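Peer 1: Dropping the structure in here first, questions after.
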Amino acid sequence: MIQKATSLTAGRILWLYQLVRQSAAAMSLKLGGHPQFVRPLIYPMAEGSLLKEGQTELPEKDSEILKGAASASDNYANFFGQMLFPASAGVALVVGTMNEAGYNVTLSQIALWSVPVFIIALVLSAIQFALLDKKLGGHK
């Protein structure tokens, strides 16, 4: 099915996954992670978008690059998305550290200040995944 969706490239699939995962993390919703979601679903979809007619698997080097990119997509999304949820452990850690250092900040302030980073992470990953498409020949 992914092979027939001609506008979907490996990079676009990974970026869309990151967008969904990052947005879910911002609302403290768990989608799984590498073993539950990336390895059995996202990586095979991205791989399928790169396979040529009659090809059953990617060359090992390309496969390893794609596995790393799929994992990076999940890592970026989880790390930068969770910082938008004021009650997350990461935000609490930042607030505790800042307060101990003498900066009086709240959970809501840290979450609000994380919005630009959330957006920057999406923009930079879009660039990274577009370059990945060019590298792997998946640009359509």
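Peer 1: What does the highest-first list of 32-39, 78-85 look like by mean Cβ count within 10 Å? Each step should come with its number before you reach the end.
Peer 2: Working: 32-39: 15.0, 78-85: 20.6.
The peptides rank, most packed first, as 78-85, 32-39.
Peer 1: What value, in deg cm²/dmol to 500, does the helix sum -39500 (n - 2.57) over DSSP H runs of n ≥ 4 give at 222 nm once divided by the residues of the chain?
Peer 2: My calculation for the chain gives -21000 deg cm²/dmol from helical runs alone.
Peer 1: Related question: Counting other Cβ atoms within 10 Å, keep those with at most 14, restrict to DSSP loop, and tell me which GluC sites (Glu not before Pro) in the range 32-140 are left.
Peer 2: Qualifying residues, ordered by number: E53, E57.
Peer 1: In a Gaussian network model over the chain where Cα atoms closer than 10 Å are linked, find which of M45, M98, M27 has the largest mean-square fluctuation.
Peer 2: M98
Peer 1: While we're on this one: Suppose every K and R has +1 on its Cβ and every D and E has -1 on its Cβ; what is the size of the dipole of the chain about the Cα centre, in Debye to the nearest 20? Write down the numbers at each step before the final one.
Peer 2: Details: 11 positive and 9 negative charges, 57 e Å.
About 280 debye.
Peer 1: While we're on this one: Once the Cα atoms of the range 32-90 are picked out, what are the Rg and Dmax in Å?
Peer 2: Cα only, the range 32-90: 14.4, 49 Å (Rg, Dmax).
Peer 1: Calculated FRET efficiency, N104 and A126, Cβ-Cβ r, R0 30 Å, to nearest 0.05?
Peer 2: 0.25
Peer 1: What are the principal axis extents of the Cα atoms in the chain, in Å, biggest first?
Peer 2: For the chain, the Cα spread along each principal axis is 61, 26, 24 Å.
Peer 1: State to the nearest 20 debye the size of the charge dipole of the range 22-104 about its Cα centre, where the only charges are +1 on K and R beta carbons and -1 on D and E beta carbons.
Peer 2: Once rounded to the nearest 20, the dipole reads 220 debye.
Peer 1: Between E57 and A24, what FRET efficiency comes out of the Förster formula 1/(1 + (r/R0)^6) with R0 = 30 Å and r the beta carbon distance, rounded to 0.05?
Peer 2: 0.50
Peer 1: What accessible area per residue comes out for the chain, rounded to a whole number of Å², with a 1.4 Å probe?
Peer 2: Solvent-accessible surface per residue comes out at 58 Å².
The values are calculated or read from the model by the stated rules, or taken from the named source; none is laboratory data. Everything numeric here is computed off the predicted structure, so don't read it as measured data. Cβ coordinates were reconstructed from backbone atoms using ideal geometry, including for glycine residues, and neighbour counts include every protein chain displayed. Accessible surface is based on the protein model in full, side chains and every heavy atom, while ligands, DNA and RNA are left aside. Shrake-Rupley method; radii C 1.70, N 1.55, O 1.52, S 1.80 Å.
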